[in-house]
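*Asks:* Sharing a structure, written as C-alpha cells. Questions coming.
The values are calculated or read from the model by the stated rules, or taken from the named source; none is laboratory data. None of the values given here were measured: they were computed from a predicted structure. Methodologically, a virtual Cβ is constructed for each residue, glycine included, from the backbone with ideal geometry; neighbour enumeration extends over all protein chains shown.
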Amino acid sequence: MEIDEIVGKLTEARNAYYNSDNPLMSDEEFDMLEERLRNIDPSNEYFSTVGIKTQGRRKISHEVPMLSMGKAKNMDEIRTWLKRLDLDAEEDFIIEPKIDGLSATCRYSGGELQYVATRGNGIEGQDISHIAEYVSGILRNIPDNKGDFEVRGELYLPKNTEFDVLGRPLRNVCVGLINRKENLDDLKHVRFAVFQTAGDVSYRTESQCLNVLKDWGFSTVAWELAVTPEDIETYFNSYINQYRDEWRYETDGLIISLNRRELFESVDSRWVVDHHHHYAIAFKPPAETRETILKQVIWQVSRQGNVVPVANFEPVTVGGATLERATLNNYENVKRLDIHIGDKLLVQRANDVIPFVAGNKNIIEGRENDRPPVDIESCPSCMSKLVRDGVHVRCVNRECDERIIQGIIYWVKNSGIENVAEATVRSLYEKGIIKSISDIYRVTAEDLIGIEGFAEKKVRNFIDEVSRSKNMSSMEFISKLGIPLVQKKSLKKIGIFTVDDFLNFSDGTYVIGQNIISWKSDMSNMALFSEILSIIDLVDDVQVQTKGKVCMTGKGPGKRQELIEKIESMGYEFSSAITKDLDILLCEDSESGSSKIAKARKNGIKIISYTDFFNMEQ
C-alpha cells in the first residue's frame, strides 16, 4: 500500500473505534499497520494526533492532553523500554489493568463536577456530562482541593451483565449506550473506574493518588507495585492466568508506569511527546484462538466503493464472548486466507476484545469438499463489474445505490444531524424522498407525513435538526467532504479558510495537500462539492490577527466552553496549557497555589482576573 492509503485506513479505523460501536479492524491489525507506517514514514503527521475528532455533542478542550500509550508485546520489549528510561536509581513502577472501555475525564472546580468528557483526539473531547446522573462511579462533589482538579478513568460495562450475552465486545456496547440520545436509563449499567489524575502535583506517587481517590469514594482500578523486570513478568503471568478472568471489567493488557510523578516531565523531555508519553507503556497479552466453521461471506459496500468482506461462522466462545461474525477487512485478505465455505477458521479476539480471522486451518490440512474459493466479481448492490484497487475490489459506479446511501449516512453523521439513524436514511432513500446529500435539505414536513415511524414529534425533530445543520463555515463544509486527513485544524495549517482558498489550492508539499489535490481532480467529487454548496448556508470564516493567546485556571464566571467562546469572540486565541508564547493567564485568585499560576510567573506571563479581563472590552 502507498503511504496515503495506509494513513487513510488508519484514520478511518480510528474514527470508527472512537466514534462508533463498530470497529473496522482488529487492534492487532491496527497496530501492525501503524508500525508499517512508522517504518516507512516516521515523521508522518498522522503520528501527531491521538484518537480522532469527536462527533455530535459539544466539544471540550483538555487542558492536559489525554495521550495514548506506547505498546510492548513481550518481556524483551519491556526490558528495552526499561533500559531506554535509563534511571539513575531503582524506582517503583505501578502496574494497572488496561480496561477496554471508553476513556473519560471528570473535571472538578471548587469541589464541584464541571463536566465529563471523552478523550476524543487527545486535545479535544466530547461533552458527555449527561451521563453523570446515571453512571456509577462519577462523583458529583469531591473535597475542595485548591481549585481545578481532573480525575481520569475508563467507562465500561461489567462482565456478566445483561449486555454480556450479545456476542459483541462490551466496549462497543458501552460506546453505543453513551452515544444514545434516548432510553438513557440503561446507562445505569455503565461503571467508571479511575486510573489517574491530571494537572495536580500535590501527590508524590501514582499509588498515593489512587489511595486518596479511593478514600474520596471513587472506584479505582486494581494496581500493584513492581521494582524489577522479574516483578513485572510475575504480575503479567498472574494477569494472564488469573486476574483477567477474575476482574469484572474486560481488559486488553496492562499499563506499566513510573510511580514517582515528578519523573514524568524529566523522562518525557528527552523525546518528542505527541502520540504518547514515554514514562508509561501498555503491555499487551497474546490473543486467545478458537476454531469454527465458516458459513458465509457477506460483502458490504462503502461510500468510496470499497467492497468489504465479513465472515459469518458457527458461534464460538473466545475470551468469554460468543462470536458469530468478524470482518475480513479486504479482498486481498480473502485471497490470502484461501477461504472456502465450510473451512475451519481460526478466530481470535485481538487483545481479548476485537474479533478477527487469524487463519484458515484448511490451508494446512487441505479440504475434502470441492466448493470453489470465496470470490466476488460484481457489486452486491448494483451488480456492476468490480475492479481491483490495491488490496480492495471496488465498485466504480457512482450511481450505485449503496454507495449513495453510505455517502448520505456519512454526511449526516459528520454534520451533527442527530436523531437521524441509518435506518431512517435507508427508508427515505427507498421511498425516493432523498436521493442525494442535497435532498436532505429539501425535505419538508409534508414529505414525511404518513411514513411509518414518522410521528409528529419525529417529523419536527428531523426538520429542526436538518435546518440547524444547514449553517456552517467554509472550513466546516470542506472538512465534512470526507477527504482523508482533512479537518478544520489541518485546513488552518495549510492556509485554507474559505471556499475560494480551497478551489485555488495547489500545494502538494504535505500529504493533506496531496489528498486535496487528488480529491479535486475527480470531477464527480467536484460535482458533489457544487451540489452541497448550492443548498447550504455558508458563513465564511474571517481570518483575523489574534490579540494574543489566553489560558484559564480555577473556577471562572460561567461554564468552561462558554468562557472559551467569549475569549475567542474578543479576538484572542484560547490555549489549554501554559506555553512560552502564552500572553495572558486568567484566574480567580492570583495568590492560590495553582501550578499554572506558578509556571506563568516563572515565564513572565501576565496574570489577570476573570473580571478585569472580561471588562477590558467595555
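*Asks:* For the range 87-128, how many residues meet the condition of being within 16 Å of Thr220 (Cα to Cα), assigned to a loop (DSSP other than H, G, I, E, B) and in contact with a Ser or Thr (Cβ under 7 Å, 6 or more places away or on another chain)?
*Replies:* Count: 1.
*Asks:* So which of Lys83, Lys73, Lys98 ends up being exposed (fewer than 15 other Cβ atoms within 10 Å of the Cβ) and either at pLDDT 75 or above or assigned by TED's automatic domain parsing to the domain that holds Arg152 (or both)?
*Replies:* Details: Lys73 fails: exposed (fewer than 15 other Cβ atoms within 10 Å of the Cβ); Lys98 fails: exposed (fewer than 15 other Cβ atoms within 10 Å of the Cβ).
Unique residue meeting the criteria: Lys83.
*Asks:* Can you work out which of the residues in the range 359-392 that are acidic (Asp, Glu) and modelled with pLDDT under 90 is farthest from Arg290 (Cα to Cα)?
*Replies:* Asp389
*Asks:* Next up: Go over the candidates Val486, Val511, Val550 one by one and state the one that is surrounded by 13 or more Cβ atoms within 10 Å (Cβ to Cβ), under 27 Å from Phe574 (Cβ atoms), β-branched (Val, Ile, Thr) and under 24 Å from the mean Cα position of the chain (by Cα).
*Replies:* So the residue among Val486, Val511, Val550 that is surrounded by 13 or more Cβ atoms within 10 Å (Cβ to Cβ), under 27 Å from Phe574 (Cβ atoms), β-branched (Val, Ile, Thr) and under 24 Å from the mean Cα position of the chain (by Cα) is Val486.
*Asks:* Can you tell me which residues in the range 339-358 are in contact with a strand residue (DSSP E or B) (Cβ under 6 Å, 6 or more places away or on another chain), of a type outside the set (A, V, I, L, M) and either modelled with pLDDT of 90 or more or not in a loop (DSSP other than H, G, I, E, B) (or both)?
*Replies:* Passing the criteria: His340, Asp343, Lys344, Gln348, Arg349, Pro355, Phe356.
*Asks:* I'd like the full set of residues that are surrounded by fewer than 12 Cβ atoms within 10 Å (Cβ to Cβ) and either at pLDDT below 85 or part of a loop (DSSP other than H, G, I, E, B) (or both), limited to the range 432-454.
*Replies:* Listed by number, the residues that qualify are Gly432, Thr444, Ile449, Gly450, Glu452, Gly453.
*Asks:* To continue, here is another question. Given the criterion modelled with pLDDT of 85 or more and either part of a strand (DSSP E or B) or over 29 Å from the mean Cα position of the chain (by Cα) (or both), identify the matching residue among Ile535, Ile567, Ile517.
*Replies:* Ile535
*Asks:* Look through the range 320-334, keep the residues that are part of a loop (DSSP other than H, G, I, E, B) and either modelled with pLDDT under 85 or assigned by TED's automatic domain parsing to the domain that holds Ile6 (or both), and return whichever of them is nearest to Leu10 (Cα to Cα). Spell out the reasoning first.
*Replies:* Of the residues in the range 320-334, the ones part of a loop (DSSP other than H, G, I, E, B) are 320, 328-330.
Narrowing the set further to residues that are either modelled with pLDDT under 85 or assigned by TED's automatic domain parsing to the domain that holds Ile6 (or both) leaves 320, 329.
Numbers: Gly320: 28, Asn329: 12 Å.
So the residue we want is Asn329.
*Asks:* For Asn362, indicate whether it is in contact (Cβ under 8 Å) with a residue 12 or more places away in the chain, outside any loop (DSSP other than H, G, I, E, B) and more than 34 Å from the chain's Cα centre (by Cα). Give the steps one after another, and end with the answer.
*Replies:* On the way: in contact (Cβ under 8 Å) with a residue 12 or more places away in the chain: yes; outside any loop (DSSP other than H, G, I, E, B): yes; more than 34 Å from the chain's Cα centre (by Cα): yes.
In short, yes.
*Asks:* Just need a number here: residues in the range 365-388 that are in a loop (DSSP other than H, G, I, E, B) and under 17 Å from Val297 (Cβ atoms).
*Replies:* Going through the range 365-388 one residue at a time, the tally reaches 12.
*Asks:* Suppose the filter is surrounded by fewer than 19 Cβ atoms within 10 Å (Cβ to Cβ) and within 26 Å of the chain's Cα centre (by Cα); does Glu112 pass it?
*Replies:* Judged against the criteria, Glu112 is not a match.
*Asks:* Quick test of your reading of the structure: Arg270 fulfils all but one of (1) crowded, with 17+ Cβ neighbours inside 10 Å; (2) in contact with a His (Cβ under 9 Å, 6 or more places away or on another chain). Name the failing condition by number.
*Replies:* Result: Arg270 passes all but (1).
*Asks:* Please determine whether any residue of the range 361-373 is in contact with a helix residue (DSSP H, G or I) (Cβ under 7 Å, 6 or more places away or on another chain) and either more than 13 Å from Asn306 (Cα to Cα) or among the hydroxyl-bearing types (Ser, Thr, Tyr) (or both).
*Replies:* No - not one qualifying residue is present in the range 361-373.
*Asks:* Please find, among Val466, Val459, the residue that is in contact (Cβ under 8 Å) with a residue 24 or more places away in the chain and out of contact with any Pro (no Cβ under 9 Å at 6 or more places or on another chain).
*Replies:* Val466
*Asks:* A further question follows. Quickly run through the range 455-471 and pick out the residues that are among the aliphatic types (A, V, I, L, M) and either in a helix (DSSP H, G or I) or in the same structural domain as Glu531 (by TED's automatic domain parsing) (or both).
*Replies:* Result: Val459, Ile463, Val466.
*Asks:* Still on this structure, I have one more. For Lys284, indicate whether it is among the charged types (D, E, K, R) and either closer than 26 Å to Val173 by Cα or modelled with pLDDT under 90 (or both). So that I can check it myself, show each step before the final result.
*Replies:* Working: among the charged types (D, E, K, R): yes; either closer than 26 Å to Val173 by Cα or modelled with pLDDT under 90 (or both): yes.
Spelling it out, Lys284 is indeed among the charged types (D, E, K, R) and either closer than 26 Å to Val173 by Cα or modelled with pLDDT under 90 (or both).
*Asks:* Has the range 351-372 got any residue that is on the phi > 0 side of the Ramachandran plot and of a type in the set (D, E, K, R)?
*Replies:* Yes, there is a match, as at least one residue in the range 351-372 is on the phi > 0 side of the Ramachandran plot and of a type in the set (D, E, K, R).
*Asks:* Follow-up question, since we're still on this one. In the range 398-431, which residues are in contact (Cβ under 8 Å) with a residue 24 or more places away in the chain and outside any helix (DSSP H, G or I)?
*Replies:* Arg398, Cys400, Ser415, Gly416, Ile417, Glu418, Asn419, Val420 - these are the residues of the range 398-431 that are in contact (Cβ under 8 Å) with a residue 24 or more places away in the chain and outside any helix (DSSP H, G or I).
*Asks:* Polar (S, T, N, Q), part of a loop (DSSP other than H, G, I, E, B), farther than 24 Å from Ile417 by Cα and modelled with pLDDT of 85 or more, is that true of Ser506? Step through it out loud before you land on a result.
*Replies:* Working: polar (S, T, N, Q): yes; part of a loop (DSSP other than H, G, I, E, B): yes; farther than 24 Å from Ile417 by Cα: yes; modelled with pLDDT of 85 or more: yes.
Taking the combined requirement at face value, the residue satisfies it.
*Asks:* While we're looking at this one, here's another question. For Lys295, all conditions in the list (1) in contact (Cβ under 8 Å) with a residue 12 or more places away in the chain; (2) of a type outside the set (Gly, Ala, Ser); (3) not assigned by TED's automatic domain parsing to the domain that holds Glu377 hold save one; what is the number of the exception?
*Replies:* (3)
*Asks:* For residues that are more than 13 Å from Asn259 (Cα to Cα) and modelled with pLDDT of 90 or more, tally how many sit in the range 181-210.
*Replies:* Residues in the range 181-210 being more than 13 Å from Asn259 (Cα to Cα) and modelled with pLDDT of 90 or more: 5 in total.
*Asks:* Scan the range 85-105 residue by residue and report those that are in contact (Cβ under 8 Å) with a residue 60 or more places away in the chain and of a type outside the set (A, V, I, L, M).
*Replies:* Correct list: Glu90, Glu91, Asp92, Phe93, Glu96, Pro97, Lys98, Asp100, Gly101, Thr105.
*Asks:* Answer yes or no as to whether Tyr429 is more than 19 Å from Leu533 (Cα to Cα), outside the structural domain of Arg180 (by TED's automatic domain parsing), modelled with pLDDT of 85 or more and surrounded by 13 or more Cβ atoms within 10 Å (Cβ to Cβ).
*Replies:* In short, yes.
*Asks:* Gly110 passes all but one of (1) at pLDDT 85 or above; (2) under 23 Å from Ser575 (Cα atoms); which number fails?
*Replies:* Going through (1) at pLDDT 85 or above; (2) under 23 Å from Ser575 (Cα atoms) one by one, Gly110 breaks only (1).
*Asks:* For the list (1) within 30 Å of Phe529 (Cα to Cα); (2) touching a residue at least 40 places away in the same chain (Cβ under 8 Å); (3) surrounded by fewer than 20 Cβ atoms within 10 Å (Cβ to Cβ), I need the number of the one condition that Ser378 fails.
*Replies:* It is condition (2) that Ser378 fails.
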